[in-house]
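Note sheet for the following structure.
The values are calculated or read from the model by the stated rules, or taken from the named source; none is laboratory data. Here the structure is a predicted model, which means the values were calculated and not measured. Methodologically, a virtual Cβ is constructed for each residue, glycine included, from the backbone with ideal geometry; neighbour enumeration extends over all protein chains shown.
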Amino acid sequence: MSRSFLRPKCRTWFIGSVSVGTGSVALFAVLASSAPWSPGRFWGLIFGTLAAVVFVLDGLYPLRRRLMGWPFGTAQRWLQFHIYGGALALLFVLIHVGFSLPNGQFGWWLFGLTLWSVVSGLVGVWLQKWIPTVLASQLSVEALYDRIPEMADRLQSEADAVARGASDLLERFYSGEIRPSLAGVAPSWSFLVGLAGDRERRLTPFRNVAQFVSDDDQDRLKDLEAIVTEKFELDAQYSLQRALRLWLPLHLFPAIVLLGLLAVHIFAVLYL
């Protein structure tokens, strides 16, 4: 699964982007070795213009339906350009400034927002590949994001009913270790790394206490373990879906600000 996960969805776009990027860096190396490099000189302006054009086209991605697919036609091509075009635009910016740090506060804002927009976009690509894979392969519970808190509360009520009338040992185990973990949704960023560790941590207490629980309470213990397992999956679902929801504004709004500052930068270069 790891190899297919890392494999580019569209090999043509990947190879084309790598080729353009490699050629651009090679051209910069040749030009910079023959003459001092400056963002305001011809080739510096060329790469700056290329970066600006690509960023503007990238910024049209949310409007692709209103544009009736123009200029890339299909939604798949739009997405591929949005990903690879953004990465190339960052490279063009680096070439534009000669792979040097920016000068002045405005330059740092432009550079920082450029870096943030591209890197956060690539993180989004990873999230949109990784999260559906985890949801489909490692979780059996399917739940809508907005319904998960309600479902978690219902699980706690079910667990209370199961534990009612249990032996003192099972009652203490439930009240001290199990019930607190059922109190509401417990999101965690650790679910983005993997699920096995947290699943094991939650279920280990059941194996430890099983040998001390009477035969009459074994069925109750299994029912409680099933409830805790379902609660774990709800927590994982909520955490992973929340990550996708939080990612979008963290990528979108800085990108909008970047386009605004880019317009100011272009105006200053042309008219000031």
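Details
- Against the criterion of being under 25 Å from V257 (Cα atoms) and among the basic types (K, R), R41 does not qualify.
- Just one residue in the set F55, F14 is aromatic (F, W, Y), assigned by TED's automatic domain parsing to the domain that holds L94 and either closer than 25 Å to L270 by Cβ or in contact with a His (Cβ under 8 Å, 6 or more places away or on another chain) (or both); that residue is F55.
- Residue in segment 51-66 that is among the small types (G, A, S) and more than 23 Å from Q128 (Cα to Cα) present: yes
- Residue check: F191 meets all listed conditions (1) at pLDDT 95 or above; (2) closer than 23 Å to P149 by Cβ; (3) within 29 Å of the chain's Cα centre (by Cα) but one, namely (1).
- Residue within segment 170-179 that is exposed (fewer than 11 other Cβ atoms within 10 Å of the Cβ) and either under 22 Å from the mean Cα position of the chain (by Cα) or modelled with pLDDT of 90 or more (or both) present: yes
- Where a residue in segment 173-184 is assigned by TED's automatic domain parsing to the domain that holds R207 and closer than 16 Å to R154 by Cα and its partner, wherever it lies, is assigned to a helix (DSSP H, G or I) and basic (K, R), with Cβ under 9 Å and at least six apart: S181/R202; S181/K231; L182/K231
- Checking each residue in segment 32-44 for being free of Cβ contacts under 8 Å to residues at least 24 places away in the same chain and either buried (at least 17 other Cβ atoms within 10 Å of the Cβ) or part of a helix (DSSP H, G or I) (or both) picks out S33, S34, F42, W43.
- Qualifying position, being surrounded by 17 or more Cβ atoms within 10 Å (Cβ to Cβ) and either in a helix (DSSP H, G or I) or of a type in the set (A, V, I, L, M, F, W, C) (or both), among S137, S157, S117: S117
Residues are listed down the side, and each one gets a yes or a no for (1) in contact (Cβ under 8 Å) with a residue 60 or more places away in the chain; (2) out of contact with any helix residue (DSSP H, G or I) (no Cβ under 6 Å at 6 or more places or on another chain); (3) not assigned by TED's automatic domain parsing to the domain that holds L258:
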{"site": "Q76", "(1), (2), (3)": "yes, yes, no"}
{"site": "L79", "(1), (2), (3)": "no, yes, no"}
{"site": "F92", "(1), (2), (3)": "yes, no, no"}
{"site": "I95", "(1), (2), (3)": "yes, no, no"}
{"site": "G98", "(1), (2), (3)": "yes, yes, no"}
{"site": "N103", "(1), (2), (3)": "no, yes, no"}
{"site": "F106", "(1), (2), (3)": "yes, yes, no"}
{"site": "F111", "(1), (2), (3)": "no, yes, no"}
{"site": "V119", "(1), (2), (3)": "no, yes, no"}
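- Apart from one condition, A268 fits all of (1) surrounded by fewer than 12 Cβ atoms within 10 Å (Cβ to Cβ); (2) in contact (Cβ under 8 Å) with a residue 60 or more places away in the chain; (3) of a type in the set (A, V, I, L, M, F, W, C); the exception is (2).
- With respect to (1) free of Cβ contacts under 8 Å to residues at least 12 places away in the same chain; (2) part of a helix (DSSP H, G or I); (3) small (G, A, S), the lone exception for G165 is condition (2).
- Just one of the numbered conditions (1) at pLDDT 90 or above; (2) aliphatic (A, V, I, L, M); (3) in the same structural domain as F99 (by TED's automatic domain parsing) is not true of V134: (1).
- Considering residues of segment 50-86 that are assigned to a helix (DSSP H, G or I) and of a type in the set (V, I, T) only, the residue nearest to the chain's Cα centre (by Cα): I83
- Residue check for L261: in contact with a Leu (Cβ under 7 Å, 6 or more places away or on another chain), hydrophobic (A, V, I, L, M, F, W, C) and surrounded by 14 or more Cβ atoms within 10 Å (Cβ to Cβ): yes
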